[in-house]
1. Which is surrounded by fewer than 10 Cβ atoms within 10 Å (Cβ to Cβ) and assigned to a helix (DSSP H, G or I), of 38, 112?
2. Applying the selection to region 82-91, what residues are loosely packed, with under 11 Cβ neighbours inside 10 Å and within 14 Å of residue 102 (Cα to Cα)?
3. Answer yes or no as to whether residue 90 is within 28 Å of the chain's Cα centre (by Cα) and not in a helix (DSSP H, G or I).
């Protein structure tokens, strides 16, 4: 096996700013292997450094994400308490519809429309039932189903 020389063109293999142009000339295969190996090692070191920076960046971002997630959980709990307070007194039909929305959407809807919603009034009892006029016997009133005359005569 003969060792043929390799001729390089000056300035042709400048891949990065770290690489100095190789001056023209003839190199043996061993010299080319050495040059290639040195460059390969340099690229590996550079990539390893970038990898370490990427790992550090990833760790920092993970920590920020964990803190933000904890804050979000805290705010979520607080918003649920506020929402429960705002939903009190709303008609059941409205709360059933609100259940289909996300909590933040519910709060926004209540803020926008809450003042216009009035809970249905419950019938107010005014005490015992007032006597009704007896249409069968004029001048007589009935309390419930018993006429006053029937009560008077013990009927």
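1. Details: 38 fails: surrounded by fewer than 10 Cβ atoms within 10 Å (Cβ to Cβ).
Exactly one of 38, 112 is surrounded by fewer than 10 Cβ atoms within 10 Å (Cβ to Cβ) and assigned to a helix (DSSP H, G or I), namely 112.
2. Answer for region 82-91, where residues must be loosely packed, with under 11 Cβ neighbours inside 10 Å and within 14 Å of residue 102 (Cα to Cα): just 84.
3. Yes: the conditions hold for residue 90.
Values quoted throughout were computed directly from the atomic coordinates according to the rules given, and no laboratory measurement underlies them. A quick note: this is a predicted structure, and the numbers were derived from the prediction, not measured. Quick reminder, even Gly has a Cβ in these numbers, built from the backbone with ideal geometry, and neighbours come from all protein chains shown.
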